[in-house]
Amino acid sequence: MHPNQSPPWTSERIAALLDLPLPELLWQAQQTHRAHFDPTEVQLSSLLSIKTGGCAEDCGYCPQSAHHDVGLKAGKLMDLDTVLANARAAKEAGAARFCMGAAWREPKDRDLDAVAAMIEGVKALGLETCMTLGMLKPEQAQRLAGSGLDYYNHNLDTSPAFYGNIITTRVYQERLDTLHHVREAGMKVCCGGIVGMGEGRIERAGLLAELGNLDPYPESVPINALVRVAGTPLEHAPDLDPFEFVRTVAAARIVMPRARVRLSAGRRELGDGVQALCFLAGANSIFYGDTLLVTGNAEVDADRALFARLGLHAEGMPAAPEPSVPAARRTIALQQSD
Ligand code: SAM
Ligand code: DTB
Ligand code: SF4
């Protein structure tokens, strides 16, 4: 279909995609999407913070870093029963995957027994499992894989060139090393980044080039829109043109044709119209549930209504019923001037 759209990727090649007129970019992304997926089907992942706040890293976007004062109370590792109660509720609401996140630079070996029990318990409920615990050593990755972990989330966040503006306590290569250990251990990779941190198209292209050149590229690609949290260094990051987010999703679809491209943090703030464009641009996964890790997400009821209006359905579920939400109408009063 598009013979030149294969690795190795360069920032310049992807920037050329991002620079296309939006209808051209969406058309290419839609063709790629339809070649590999049902474009009406969306995968649902629910998130739970199993260890909140007090993190040693200084990621400039993150409300959970101990370096920033956002008024968040740091907690201990959640107990197994609470994790499983949350997983059961997520399953009942329709999620297929349960993602557990910890505000750690890296897990301590002594935490792994508790974490392994969570993986086993969540899997026994019939859910796919994902964890994001920070950097892993090879033997830790093996341990998680041995407990049945399906996916490990570890984001590259942005391009190598822009990265140093955002995080100083962990280098890009350490992230790539963790991704390598995850692959070697036989788990699927969930890896993406954040849009709207003050970067430009060339940096967004640089992130997608890194992701697309991973061999194999990630099965799951979360594209987060920065959630600006008061008290973080990125609290006053400039507004992002929402069409830039749509373009990034479309380019991610073209660069990683078979990946689940996930609309992740910041979805609520994008609004229904922009989310719809993202689904047209090839997004086919969302974080589903009323909270992300510590900030709010689009609400479950709102997502159900949106899916019905757009004729989308969750992976493994029957197609949505007829739309029941009437189109919004607004009346305006004409003002007569003399
Ligand atoms: N501590 C682990 C780590 O960083 O690898 C796992 C949890 S961390 C919260 C997971 C990801 O959430 C980050 O890599 C980042 O991409 C995303 N994230 C965190 N805060 C965010 C925010 N305010 N807006 C958008 N994405 C955010
Ligand atoms: C990812 O890429 N986004 C999720 C998940 N992986 C762990 C986290 C989003 C966090 C948004 C801000 C918060 O609630 O902490
Ligand atoms: Fe810690 Fe992860 Fe937040 Fe960075 S993104 S401060 S590593 S919890």
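Give me the extension gain from Val70 to Asp290: residue separation times 0.36 nm, minus the current Cα-Cα distance, reported in nm with one decimal.
77.2 nm
Run the quick spin-label model on Asp241 and Lys108: label points 7 Å from Cα toward the beta carbon, then report their separation in nm to one decimal.
4.9 nm
Does the chain come out rounded, prolate or oblate by the C-alpha gyration tensor, with a ≥ b ≥ c the root eigenvalues, rounded set by a/c under 1.5 and, if not, prolate when a/b is larger than b/c and oblate if not?
Since a/c stays below 1.5, the shape of the chain is classed as rounded.
Using 0.36 nm per residue, how much length does the chain from Ala117 to Glu139 gain when fully extended, once their Cα-Cα distance is taken away?
The span from Ala117 to Glu139 would gain 6.2 nm if fully extended.
Keeping to pairs on different chains or 8 or more places apart, tell me how many lysine pairs in the chain have Cα atoms under 18 Å apart.
The number of close lysine pairs in the chain is 8.
How much area per residue is accessible in the chain when the probe is 1.4 Å and only protein heavy atoms are counted (Å²)?
It amounts to 46 Å² per residue over the chain.
Evaluate the charge dipole of the stretch 1-130 about its Cα centre and quote only its size in Debye, nearest 20, assuming +1 on the Cβ of each Lys and Arg and -1 on the Cβ of each Asp and Glu.
Taking the Cα centre of the stretch 1-130 as origin, the dipole is about 220 debye.
Express the Stokes-Einstein translational diffusion coefficient of the stretch 1-159 in µm² s⁻¹, to the nearest whole number, given a Kirkwood radius over alpha-carbon pairs, 10 °C and a viscosity of 1.306 mPa s.
After rounding, the answer is 86 µm²/s.
Could you look at the stretch 108-162 and say what percent of its accessible area is carbon and sulfur, using a 1.4 Å probe and all protein chains?
Ligands and nucleic acids excluded, carbon and sulfur give 49 percent.
Determine the calculated [θ] at 222 nm for the chain from helices alone, applying -39500 (n - 2.57) to every DSSP H run no shorter than 4 residues and normalising by the residue count; nearest 500 deg cm²/dmol.
It comes out at -11500 deg cm²/dmol, rounded to the nearest 500.
Determine, from the Cβ-Cβ distance of Ala305 and Thr169 and an R0 of 41 Å, the FRET efficiency 1/(1 + (r/R0)^6), rounded to the nearest 0.05.
0.50
Using a 1.4 Å probe over the heavy atoms of the protein chains, calculate the carbon and sulfur portion of the accessible area of the stretch 228-275 as a whole percent.
Accessible surface attributable to carbon and sulfur in the stretch 228-275 totals 52 percent.
According to a simple spin-label model (label point 7 Å from Cα along Cα-to-Cβ), what is the distance in nm between Asp215 and Glu41?
The modelled label-to-label distance comes out at 3.0 nm.
I'd like the Karplus ³J(HN,Hα) series for the stretch 36-44: coefficients 6.51, -1.76, 1.60, θ = phi - 60°, whole numbers in Hz, and an x wherever there's a Gly or Pro.
With the stated coefficients, the stretch 36-44 comes to 10, 9, 6, x, 9, 10, 10, 7, 10 Hz.
Using all alpha carbons of the stretch 1-95, what is the percent of pairwise distances in each 5 Å bin, ordered from the shortest bin to the longest?
2, 10, 11, 11, 10, 11, 12, 14, 14, 4, 0
Which whole-Hz couplings ³J(HN,Hα) result when phi for each residue of the stretch 94-108 is put into the Karplus expression 6.51 cos²θ - 1.76 cosθ + 1.60, θ = phi - 60°, listed in order with x for Gly and Pro?
Residue by residue, the stretch 94-108 yields x, 6, 9, 10, 10, 10, 10, x, 10, 7, 10, 5, 7, x, 7 Hz.
The values are calculated or read from the model by the stated rules, or taken from the named source; none is laboratory data. Treat the numbers as computed from the prediction; the structure is a model and nothing was measured. Don't worry about glycine lacking a Cβ; one is built from the backbone with ideal geometry, like all the others, and counts go over all protein chains shown. Side chains included, ligands, DNA and RNA excluded: accessible areas come from the protein's heavy atoms. Shrake-Rupley method; radii C 1.70, N 1.55, O 1.52, S 1.80 Å.
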